[in-house]
Amino acid sequence: MITVSEDNVFSLTNKYFSYVFRVSPEGIPEHIHYGGALRDPLNVTAHHLRTQREVASTFQGGKFFSLSDTPQEYPSFGTSDYRFPALHGRNSDGNTVFSLHYKKHKITKEKKPLKDLPSTRGGACETLIVTLVDPLHKLEVELHYTIYEEFGVLVRSAKFRNKSETEIQLQHAFSTALDLPASDYEIMHFHGTWSREFNEERIDVPKGRFVVDSARGTSSAAHAPFVAILEKGSTEDAGRVYATTLVYSGNFAINIEKGEFEDVRVLAGINPFNFHWRLKPGKKFCTPEALHVYSDTGLRGMSRIWHDFIREKISPPNFKNKARPTYLNTWEAAYFDVNEDKVLALADKAKNVGVDMLVLDDGWFEGRKDDTSSLGDWVADTERFPNGIPWLAGKVKAKGLKFGIWFEPEMVNPKSMLFEKHPDWILHVPGREPSLGRNQLTLDLSRKEVTDYLFRKIDAILSCGDIDYVKWDMNRNMTEVGSAGLSRNRQREVSHRYMIGLYRLLRKLTQKYPNVLFENCASGGNRFDLGMLSFMPQTWTSDMCDPVGRLDIVNGASYLFPLDVMAAYVGPSPNHQNGRVSSIQTRFMAGVFCAARGMSLNETDLADNHNELKSLMAFAKESADDMVGGRFDRVIKNQNEVCWQYTTRDSSKVYLAYFHILSAPNLPFRRAHMVGLDPNAIYVLEEDGASYQGDALMQNGMPMPYVATGQVRDDVRYMSKGDFSSYLFVFEKAG
Ligand code: DGJ
């Protein structure tokens with residue numbers, strides 16, 4: 001997979017892509033090719049052009065060589081390249097000019113985990129480590145590249161080492177730099193906010209610099225840490241796609257810059273805004289990992305690569321291909337009004353409708369009657385839960401259910417025992433009143449005593465042995481980011497040190513409780529990223545449970561994430577987030593393509609919809625094993641229709657869901673061109689035993705049910721009448 005020529009041309013090639021760069025005659029690592037796999041990758045250097053540019057500065061006397069016109073593997077600033085650099089900082093002379101040159105390289109047949117940060121797992125892979133050095137300031141930078149035999153993902157990171165006698169300050173320490181040749185490209189990225197996560201936006205790559213980033217302390221729903229550069233006009237099935245994401249959950253930036261010669265630079269890593277790392281002599285600093293995917297079969301090909309990789313190399317392996325329990329969550333059923341009797345009554349109801357697990361959400365701890373108090377204390381409320389959580393968990397389990405519980409460990413309310421005792425354990429800066437978010441403050445996880453305290457508190461509950469699931473919530477963005485545990489001149493390290501502390505805590509807990517199913521949540525999808533997914537098999541994708549709102553969110557999230565990592569539930573109607581009224585069937589259906597399915601309904605809703613819920617939960621349970629490890633495809637997506645296909649991991653079953661948002665008279669007949677089927681196989685529709693040929697379903701398409709507004713005929717398949725209707729086809733492959 002990794003080959004190197006005598007004159008230091010490096011190729012990383014597998015069946016998905018070739019990534020080629022060389023050491024230029026000037027000693028600069030110069031990018032040559034990223035794209036489809038090449039038969040003779042080391043020879044592609046012949047394609048590289050240099051010219052004499054008018055007005056361009058030439059690199060340190062080099063003829064015809066300006067770094068502004070050179071695609072590079074790890075650019076810095078100040079020596080003829082004026083674009084945003086991967087490395088920027090202050091050297092011992094106090095200036096910001098670094099110049100990195102090739103020193104040596106090594107290839108290993110493995111991939112080592114990063115020390116403090118989550119990272120992709122190894123396996124059949126090779127890693128190339130190229131060491132660059134600034135000989136003047138004795139800064140060494142190792143560029144790490146891992147390529148896998150079976151995956152179309154390239155993993156990159158950088159490691160800095162200060163080999164000088166004086167401190168170096170890092171400001172830009174990007175994980176990766178990718179210089180793509182001039183062409184017509186578009187940017188695809190996802191933006192949003194609470195309950196409106198993962199809105200897709202596609203724009204032409206503008207001249208100048210376009211950045212998606214976060215300075216909120218979480219990767220955030222505002223701009224998800226993901227960007228795809230698309231060959232203009234790419235579709236689900238065609239076009240070259242270069243996508244990038246990070247294994248990181250904190251402040252990140254993905255920069256896209258179209259330079260003066262129209263080449264496009266992608267930089268991804270820790271957000272340089274508000275970041276500063278003091279690298280003392282002899283010390284190392286390691287960036288998070290950045291992942292690149294190349295697909296020449298459009299967005300579908302891209303998603304396929306991400307989904308397979310996330311399942312195999314990111315998600316905790318002990319939950320791989322494991323059916324997830326169906327559940328009843330107390331949140332929208334009771335909000336803070338929870339107590340032992342209510343939980344046990346809901347557990348009975350849950351059991352009656354065939355649900356596997358009862359999840360006790362927010363509100364169970366001392367004094368927590370609303371969102372103004374008690375975060376941080378993590379002891380059960382003595383009035384409402386007099387027998388404690390372990391007792392309750394045991395009781396629920398005795399009913400034949402699993403038991404799950406909610407925590408928001410990273411937070412503290414000013415009204416809490418913890419804050420009274422340790423007011424300096426929060427993120428804060430001297431002399432300024434800390435801003436509140438949902439009446440709470442963020443604990444300073446950069447301090448070990450804080451993460452140790454949280455471990456003890458959570459451990460005290462999980463150690464009873466009856467907890468099957470933990471929902472790990474995080475409901476505010478960070479402000480007044482400062483730490484009483486760090487000196488004045490390390491305050492700009494706090495955000496990253498917070499992440500290291502969070503990951504340390506998660507590692508310790510998930511290692512001690514490998515069988516507890518952790519669900520990642522940050523008011524829904526405010527921290528839905530591969531860093532969190534390295535510890536938690538699933539994520540509460542959004543608080544938006546209205547089906548119309550949810551469709552866009554799941555559709556957007558699916559570009560990167562497989563269904564294995566998503567959770568959804570049937571919420572109340574009218575919906576609590578947007579007030580829309582919809583049928584229980586469509587509410588269920590909008591979340592049906594998710595590994596974890598459940599409901600959050602009160603006793604009245606449960607009683608009123610008992611039979612329907614029972615059959616939906618029976619279906620959820622029956623299909624739970626199908627919904628992990630399979631293939632998800634977006635088939636139709638426009639303002640009024642969504643059609644998704646899901647093929648199980650053994651290809652024996654295919655689910656096809658069709659959603660029609662607003663009804664209208666005299667609509668066209670629609671077909672869904674199914675994908676990835678066996679053209680020679682017969683697919684039998686479960687509902688009526690009708691047989692369909694695989695090639696016909698793909699080429700001619702499956703006729704979608706008709707949206708009835710008037711008369712109906714017996715021989716036509718109809719959607720339910722009115723707005724927000726949905727239909728699910730289930731096919732069995734007959735051979
Ligand atoms: C935000 C989450 O997204 C909800 O599901 C719920 O757990 C609340 N927090 C509880 O406070």
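Read the figures in this text as sums done on the coordinates, not as results from a lab. It should be emphasised that the depicted structure is a prediction, and the values quoted were computed from it without experimental measurement. For neighbour counting, all protein chains shown are included, and Cβ atoms are generated from backbone atoms with ideal geometry for every residue, glycine included.
Values computed for the structure shown
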| item | result |
| --- | --- |
| Surrounding net charge for residue 264, when Lys and Arg each add one and Asp and Glu each subtract one, Cβ distance under 14 Å | -3 |
| Cβ-derived FRET efficiency at R0 41 Å, residue 237 paired with residue 121, nearest 0.05 | 0.85 |
| Residue-wise HN-Hα coupling along the stretch 670-675, computed from phi with Karplus coefficients 6.51, -1.76, 1.60 (Hz; x: Gly, Pro) | 10, 10, 10, 7, 6, 10 |
| Distance in nm between pseudo-label sites at residue 508 and residue 184 (7 Å out along the Cβ direction from Cα) | 5.6 |
| 0 to 90° range, to nearest 10: angle between helix 547-557 axis and the chain longest Cα axis | 30 |
| Built amide H within the under 5 Å cut-off of residue 470, gap 5+ | 405, 517, 518, 519 |
| Computed FRET value (nearest 0.05) for residue 166 with residue 131, which takes r as the C-beta separation and R₀ as 35 Å | 0.95 |
| ³J(HN,Hα), Karplus 6.51/-1.76/1.60, whole Hz, each residue of the stretch 695-705, x for Gly, Pro | 5, 5, 5, 8, 7, 8, x, 8, x, 7, x |
| Cleavage-rule hits (trypsin sites (Lys or Arg not before Pro)) in the stretch 379-465: DSSP loop, at most 15 neighbouring Cβ within 10 angstrom | 399, 432, 438 |
| Cα long-axis angle, helix 340-352 against the chain (0 to 90 degrees, to the nearest 10) | 80 |
| Point-to-point label distance, residue 516-residue 449, nm (Cα→Cβ direction, 7 Å offset) | 2.4 |
| Stokes-Einstein diffusion coefficient of the stretch 310-376, Kirkwood radius over Cα pairs, 25 °C, 0.890 mPa s, in µm²/s | 176 |
| Diffusion coefficient, µm² s⁻¹, Stokes-Einstein with Kirkwood Rh over alpha-carbon pairs of the stretch 383-443 at 10 °C and 1.306 mPa s | 111 |
| Nearest-0.05 FRET efficiency for residue 53 and residue 209, computed from C-beta distance (R0 22 Å) | 0.60 |
| Extension gain (nm, one decimal) between residue 372 and residue 699, 0.36 nm per residue minus Cα-Cα | 112.0 nm |
| Long-range amide H partners of residue 566 with built H, under 5 Å | 539, 595, 596 |
| Estimated distance in nm for a label pair at residue 690 and residue 714, the labels positioned 7 Å out from Cα along Cα-to-Cβ | 1.6 |
| q = 0.10, 0.13, 0.16 Å⁻¹: log10 I(q)/I(0) that the Debye formula gives for the stretch 594-735, counting C-alpha atoms only | -0.39, -0.66, -0.97 |
| Geometric extent, Cα atoms of the stretch 26-142 - Rg, Dmax (angstrom) | 16.7, 49 |
| Residue-count net charge about residue 446 - beta-carbon cut-off 15 Å; Lys, Arg +1, Asp, Glu -1 | 0 |
| Euclidean distance of C-alpha centroids, the stretch 395-417 and the stretch 136-194, integer Å | 39 |
| Convex hull of Cα atoms in the stretch 2-314, direction-averaged projection (nm²) | 15.6 |
| Built amide H within the under 5 Å cut-off of residue 246, gap 5+ | 291, 530 |
| Kirkwood-based shape ratio for the stretch 603-647, expressed as Rg/Rh from alpha carbons | 1.15 |
| Which listed pairs, of 320/448; 283/471; 106/159; 457/621, have C-alpha distances above 25 Å, in listed order | 320/448; 283/471; 457/621 |
| For residue 12, net neighbour charge (Lys/Arg +1, Asp/Glu -1) across residues whose Cβ lies under 13 Å away | +1 |
| Sparsely packed GluC sites (Glu not before Pro) within the stretch 597-664, loop by DSSP, other Cβ within 10 Å at most 12 | none |
| Using θ = phi - 60° and Karplus 6.51 cos²θ - 1.76 cosθ + 1.60, couplings along the stretch 676-690 (whole Hz; Gly, Pro as x) | x, 7, 7, x, 8, 8, 9, 10, 9, 7, 4, 5, 9, x, 5 |
| Kirkwood-based Rg to Rh ratio, the chain, C-alpha trace | 0.99 |
| Acute angle (nearest 10 degrees) that the helix 448-462 long axis makes with the longest principal axis of the chain, alpha-carbon atoms | 30 |
| D (Stokes-Einstein, µm²/s), Kirkwood Cα radius, the stretch 326-629, 1.002 mPa s at 20 °C | 108 |
